[in-house]
Amino acid sequence: MSYEKLSAQMDNLTNPQRSDAFYKQFRDAVRQGEIEAADLPARFELPKEYRRRGAEGSYTRTVKDMVVNVTPAYKKWFDSVNETLATTTRRAATPKASLEAVESGAVDFAAMVEETRRKMAASYSKGQALGNARKAAKPKARRTTKK
């Protein structure tokens, strides 16, 4: 059996910016008994760089190091997790409504028309309801003198 440190395994990650997610999944797998690992007293820095909003520079986190029993089952688990973390997780943003987007077919024109009609109808009915409410709330002026 071969043993290796978790910090050395982090160097094998395809996307080091996802090392925090790998660390969480690693700890979960150890807790559930999928892989065998033991805590070490040492700590190491994750390769991921964090940035605070509105502040300059970056920082890193330190986590507990562990010793891993590198078995074929562990290698299989590592490869699957590494592949999962290497894929991009960003959602594709919906395209902005523009003439080019409509012409290229990226935006459904019929859906845009229906949404515009719905908004215009809602705005119109809101204005009508507001006007009618003011009309009903205002008492009619009575004449005090006869003609």
Residue span residue 125 to residue 3: 0.36 nm per residue of separation minus Cα-Cα distance leaves a gain in nm of 36.8 nm
Pop out the carbon and sulfur fraction of the accessible area of the stretch 1-108 as a percent, whole number, probe 1.4 Å.
48
For labels at residue 38 and residue 117 in the simple 7 Å Cα→Cβ model, what's the distance in nm?
7.2
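Going through the stretch 50-136, which trypsin sites (Lys or Arg not before Pro) have at most 10 other Cβ atoms within 10 Å and a DSSP loop state? Could you put the intermediate results ahead of the total?
Values: sites: 51, 52, 53, 61, 64, 75, 76, 90, 91, 96, 117, 118, 119, 126, 134, 135; in loops: 51, 52, 53, 61, 90, 91, 96.
Answer in residue order: 51, 52, 53, 90, 91, 96.
Want the number for residue 71 to residue 96: 0.36 nm per residue separation, take away the alpha-carbon distance, what's left?
Length gained between residue 71 and residue 96: 4.1 nm.
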For the chain: accessible area per residue (Å², 1.4 Å):
82
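The values are calculated or read from the model by the stated rules, or taken from the named source; none is laboratory data. It should be emphasised that the depicted structure is a prediction, and the values quoted were computed from it without experimental measurement. With ideal geometry, Cβ positions are generated from the backbone for all residues, glycine too; neighbour counts draw on all protein chains shown. Note: areas computed on protein heavy atoms with side chains; ligands, DNA, RNA excluded. Shrake-Rupley method; radii C 1.70, N 1.55, O 1.52, S 1.80 Å.
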